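Data block below; observations after.
The values are calculated or read from the model by the stated rules, or taken from the named source; none is laboratory data. Note that this is a predicted model, so its numbers are computed, not measured. When we count neighbours, we look across all protein chains shown, and the Cβ atoms used for this are built from the backbone with ideal geometry, even at glycine.
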Amino acid sequence: MKRNITKKDIESLTDSQKVSLRELWLPEKHDLAIAYICKNAETEEYDEIEFVVGDVILNRNHITLVDIRHPKDDNNENSKADTDNDSTDNQEINFDEEFDAEFDLSDEFEDENFEFAYERPTVFSKEDCLPLLSITQMLEIFERRNYRDANFYILAASEESLCEMGNKNMPIDNVENADQSAELCDILWENLKALLL
């Protein structure tokens with residue numbers, strides 16, 4: 001059973017549909033996503049990085065997504081912050097002079113053959129990412145939109161209970177090709193794509 005949309009599904013979207021999808025997505029920990037990171041600005045070459053969201057950081061209106069594989073070193077960061085605070089409390093620092101003294105860059109890049117090495121990042125801006133939505137996430141998007149413009153209806157029943165969701169205005173008898181079997185994930189994705197502008 002297919003549980004999430006794939007990179008191939010994302011590639012079928014137009015640019016405006018990608019923007020709409022990004023706006024509908026409310027990222028959470030353990031979401032699957034794909035980040036588009038520029039590897040080479042001259043050739044406009046992008047790296048497509050599939051990752052699992054390990055943390056979501058909200059800073060005013062900016063959302064940062066942290067790969068679950070991002071190394072954590074809380075103790076060193078806290079002790080470094082404490083040390084930095086102690087040393088700057090009682091003295092005034094001229095950052096330009098200090099930078100120039102520590103980093104003399106005049107002779108650093110004389111070698112014309114020097115190339116910067118690209119390292120796979122583990123922290124991404126939400127604006128550079130798109131979700132690989134699960135069935136649950138797609139159903140939540142439809143529910144948030146009150147199933148408006150959604151052309152699907154799901155009915156599940158057991159001996160004692162019944163669950164209905166979707167647009168009740170669509171009679172099942174009128175569905176064309178109703179005898180064809182398909183993945184629920186793919187059907188939801190096709191309906192969600194129709195909602196994206």
Candidates Ile154, Ile141, filtered to the one that is at pLDDT 75 or above and farther than 30 Å from Asn61 by Cα: Ile154
Test: residue in the range 157-172 that is more than 30 Å from Ile57 (Cβ to Cβ), surrounded by fewer than 11 Cβ atoms within 10 Å (Cβ to Cβ), β-branched (Val, Ile, Thr) and at pLDDT below 75: yes
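Okay, residues lined up against (1) out of contact with any helix residue (DSSP H, G or I) (no Cβ under 6 Å at 6 or more places or on another chain); (2) modelled with pLDDT under 95; (3) surrounded by 15 or more Cβ atoms within 10 Å (Cβ to Cβ); (4) not in a strand (DSSP E or B):
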{"residue": "Tyr46", "(1), (2), (3), (4)": "yes, yes, no, no"}
{"residue": "Ile49", "(1), (2), (3), (4)": "yes, yes, yes, no"}
{"residue": "Asn75", "(1), (2), (3), (4)": "yes, yes, no, yes"}
{"residue": "Asn78", "(1), (2), (3), (4)": "yes, yes, no, yes"}
{"residue": "Asp82", "(1), (2), (3), (4)": "yes, yes, no, yes"}
